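To start, the structure itself, in C-alpha cells.
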Amino acid sequence: MPRPLLICAVLAALALASAGSRAADLETRTILVVNEGDEAIFALRLGHAATDPPVWSGDVLPFDQVIDVSEGREIKISVDPADCTADLQATYKDDHAVVVPSVDLCTTDRVNFEH
C-alpha cells in the first residue's frame, strides 16, 4: 500500500475507534415529561436556548405520539455524563414553544411543562 494511503487508512481507523468509544460513553436515561399545559405537546427537543441562534435536536417524541393535557410520557434519551445539562423545549399544538432551562439530564427523573 502506498504510504499516503496507509496514513489515511490509519487516520480513518483512529477516527472510527474514537467515535465508537465516544458513543459507548453515552448513558440511556428515562425521563418522565409531564404536560401541565392546556394543549397537547407535539414535539420535544433538547438543546441550548442561549446560543445564537438556538441549537435544538430533532424531535425526541416518537413520530406517532403526543403528550396530552395532564398526562406524562417516559422519554428515553442518550446522555453524555460529561455534559449533563441541557434545555428542553416543548412545542404545543398551537406551535407555541416553552423552554425548561438547565435540566440536569444525569439526575432528573421528571420535567414538567406549563403552557
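Beta carbons closer than 7 Å, at least 6 apart along the sequence or on distinct chains, pair a first residue in the range 26-37 that is surrounded by 12 or more Cβ atoms within 10 Å (Cβ to Cβ) with a second that is acidic (D, E) and at pLDDT 95 or above for I31/D109; L32/E74; L32/D109; N35/D68; N35/E71.
Considering only the range 79-115, state which residues are over 19 Å from A49 (Cα atoms) and either part of a strand (DSSP E or B) or among the hydroxyl-bearing types (S, T, Y) (or both). Those that are over 19 Å from A49 (Cα atoms) and either part of a strand (DSSP E or B) or among the hydroxyl-bearing types (S, T, Y) (or both): T107, R110. Here is the figure for the range 84-98: residues that are within 13 Å of the chain's Cα centre (by Cα) and touching a residue at least 24 places away in the same chain (Cβ under 8 Å) total 5. Is there a residue in the range 6-23 that is assigned to a loop (DSSP other than H, G, I, E, B) and modelled with pLDDT under 95? No, the conditions are met nowhere in the range 6-23. Scanning the range 46-78 for residues that are exposed (fewer than 12 other Cβ atoms within 10 Å of the Cβ) and either of a type in the set (A, V, I, L, M) or not in a loop (DSSP other than H, G, I, E, B) (or both) turns up A50, E74, K76. Using the structure shown, decide if L32 is at pLDDT below 90 and over 15 Å from A86 (Cβ atoms). Criteria not met by L32.
The values are calculated or read from the model by the stated rules, or taken from the named source; none is laboratory data. Not measured: the values here are computed from a predicted model. Note that each Cβ is placed from the backbone with ideal geometry, even for glycine, and that neighbours are counted across all protein chains shown.
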